[in-house]
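Colleague: Attaching a single structure in structure tokens format; questions to follow.
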């Protein structure tokens, strides 16, 4: 069987196994201890960053804030009184009516009160922050998981399971690995500013799930497997991808315009390199040396040695030699893309 070489695009793709990985998975934990008075979310709910999730009893922390504010007001009054006395002592000292030591002591007292005010203000700010922590909100936009604690429980900062897990789904990423030998090819395209397209298929590698772009490569090779991790990002607008889902990934590295493309079966290898059996106009075959380029599946790019339209034998090559006569079927003559040929008898006709 013979086919005609075709011109067109040929691409370099890498196939890999991947795992759907959220860009953010956050366990919402309480920042302080207290009774959980309200749970405002439902399991599986979609939330936005800042949405209200739960409430811890704020009364103890409200009381602590009021105490801190009262202490601050008291110390502010003491500071104001000390500053008034300092102004009086400075006037008397200018008149040489008091000892210098008394003035220095009053200046020190003012500085002490100022330091106390700063400490009191910090206590007030801490109490306000505790009140904010009582009102628990979502740290990211995503989907709520299963509830880990019910309303009415006493929660603590040491709780390992937290209140709930929020997982970001849009966008989402897929982490996959490629052999270290392919790293230069990918890096070259990334450095050139090209967006590499990644297509994801299901576990059976039959159904297309989503299309995204390569976002980054890991910074080191796994020495145990000789591979490097890559992350591709997907919009996931329709929730095609689910966290921790196993998927097949096809990464399109580059596409080139080829002058001639032939099936892999046409390429033979001899002492002088790759060659094909080229079918001439007189239906004889010649061993034509070729330089091959990109290989994609069953197709090979021919860099030199053939042009589009040249016919090459892809089946029965073990019966051919240089100058062998072949018979091309009528059906093969009527098409430019696929021709059928079979060796005639005898097949060992020497080339003239």
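The values are calculated or read from the model by the stated rules, or taken from the named source; none is laboratory data. Quantities reported herein were computed from a predicted structural model and do not represent experimental measurements. In this analysis, Cβ positions are derived from the backbone assuming ideal geometry, glycine residues included, and neighbour counts consider all displayed protein chains.
Colleague: Residue 294 fails exactly one of the following numbered conditions: (1) surrounded by fewer than 16 Cβ atoms within 10 Å (Cβ to Cβ); (2) within 36 Å of the chain's Cα centre (by Cα); (3) at pLDDT below 85. What is the number of that condition?
Modeller: (1)
Colleague: Could you tell me whether any residue of region 90-101 is part of a helix (DSSP H, G or I), surrounded by 16 or more Cβ atoms within 10 Å (Cβ to Cβ) and outside the structural domain of residue 308 (by TED's automatic domain parsing)?
Modeller: Yes - at least one qualifying residue is present in region 90-101.
Colleague: Could you tell me how many of the residues in region 229-285 are assigned to a strand (DSSP E or B) and within 26 Å of the chain's Cα centre (by Cα)?
Modeller: Selection size over region 229-285: 16.
Colleague: Hey, residue 149 hits all of (1) touching a residue at least 60 places away in the same chain (Cβ under 8 Å); (2) in a helix (DSSP H, G or I); (3) under 30 Å from residue 51 (Cα atoms) but one; which does it fall short on?
Modeller: (2)
Colleague: Only one of these is touching a helix residue (DSSP H, G or I) at 6+ places or on another chain (Cβ under 7 Å), at pLDDT 85 or above, surrounded by 13 or more Cβ atoms within 10 Å (Cβ to Cβ) and under 15 Å from residue 178 (Cβ atoms): 229, 254. Name it.
Modeller: Answer to the selection: 254.
Colleague: Could you tell me whether residue 6 is in contact with a strand residue (DSSP E or B) (Cβ under 8 Å, 6 or more places away or on another chain) and at pLDDT below 95?
Modeller: Yes: the conditions hold for residue 6.
Colleague: Which condition from (1) under 55 Å from the mean Cα position of the chain (by Cα); (2) surrounded by fewer than 16 Cβ atoms within 10 Å (Cβ to Cβ) is the one that residue 54 breaks?
Modeller: (2)
Colleague: Look at region 20-48 and say how many of its residues are buried (at least 16 other Cβ atoms within 10 Å of the Cβ), under 19 Å from the mean Cα position of the chain (by Cα) and not in a loop (DSSP other than H, G, I, E, B).
Modeller: 4
Colleague: Go through region 155-197 and count every residue that is surrounded by fewer than 13 Cβ atoms within 10 Å (Cβ to Cβ) and not assigned by TED's automatic domain parsing to the domain that holds residue 229.
Modeller: 5
Colleague: Let me ask you something else. Looking at region 166-184, which of the residues that are under 16 Å from residue 12 (Cα atoms) and not in a helix (DSSP H, G or I) is farthest from the chain's Cα centre (by Cα)?
Modeller: For region 166-184, the residue satisfying everything is 179.
Colleague: Let me ask something else. For residue 315, indicate whether it is at pLDDT below 85 and outside any strand (DSSP E or B).
Modeller: yes
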